[in-house]
Amino acid sequence: MQLDAMYQEIILDHYRNPHHKGLRDPHDAEAHHVNPTCGDEVTLRVALAPADGAALDEKAIVSDVSYEGMGCSISQASTSVLTDLLIGRTVAEGMATLEAFTELMQSKGQGEPDEDVLEDAVAFAGVSKYPARVKCALLGWMAWKDAVSKSLEKEGAR
Ligand code: ZN
């Protein structure tokens, strides 16, 4: 099978059978992001668990990521993929993964994704050739970043 066809298959599979979909409790923060150019929407919640009973910081574990969304297959599949990648990681690891994915999305089709880091998210490599679709692929990730920031801010204000 051609790489592009295989990637297409991964995206469609996540779109048809999304992982970890549905809003769950408990959660620390929620973010709602929209991509007006395509009509995509995602509401995403994160739950964090302090690493050692201490304060929530970048060493905290992402104990859950749950979401509801609607829109194109790229936006919805990308959000499904990120739940697989980020649940169970630390906030710092999640931010590093977000950075790797953002870099891939900005590569204009020239990126060489690291499958060890990005797993199914490598399937979006081809999307980086289409500037209009990059926002679709990043929608859920931006909501995740936003929800994590809110969680940490809330902790800081305690
Ligand atoms: Zn879209």
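So the values come out like this:
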item: Matching residues in segment 1-16 - criterion: being modelled with pLDDT of 95 or more and either of a type in the set (V, I, T) or more than 13 Å from V122 (Cβ to Cβ) (or both); result: I10, I11, L12, D13, Y15, R16
item: Segment 94-129, subset over 14 Å from the mean Cα position of the chain (by Cα), buried (at least 18 other Cβ atoms within 10 Å of the Cβ) and under 25 Å from V46 (Cβ atoms), residue modelled with the highest pLDDT; result: V127
item: Scan of segment 1-52 for residues that are in a strand (DSSP E or B) and either aromatic (F, W, Y) or more than 16 Å from the ligand (Cβ to nearest atom) (or both), ordered by number; result: K21, G22, A29, E30, A31, R45, V46, A47, L48, A49
item: Every pair of residues 6+ apart whose Cβ atoms lie under 6 Å, when the first sits in segment 41-56 and is of a type in the set (D, E, K, R) while the second is exposed (fewer than 14 other Cβ atoms within 10 Å of the Cβ); result: E41/M70; R45/L23
item: Helices (runs of 4 or more DSSP H) within segment 81-158 that include 2 or more residues touching a residue at least 24 places away in the same chain (Cβ under 8 Å); result: 91-105, 131-157
item: Selection within segment 130-150 - at pLDDT 95 or above and more than 12 Å from the ligand (Cβ to nearest atom); result: W141, M142, A143, W144, K145, D146, A147, V148, S149, K150
item: Top-ranked residue in segment 53-77 [being in contact with a Leu (Cβ under 7 Å, 6 or more places away or on another chain) and within 16 Å of the ligand (Cβ to nearest atom); ranked as farthest from S149 (Cα to Cα)]; result: S73
item: Lone unmet requirement of (1) of a type in the set (A, V, I, L, M); (2) in contact with an Asp or Glu (Cβ under 9 Å, 6 or more places away or on another chain); (3) surrounded by fewer than 18 Cβ atoms within 10 Å (Cβ to Cβ) for V91; result: (3)
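The values are calculated or read from the model by the stated rules, or taken from the named source; none is laboratory data. Please read all numbers here as calculations on a predicted model, not as lab measurements. Cβ atoms come from the backbone with ideal geometry, glycine included; neighbour counts cover every protein chain shown.
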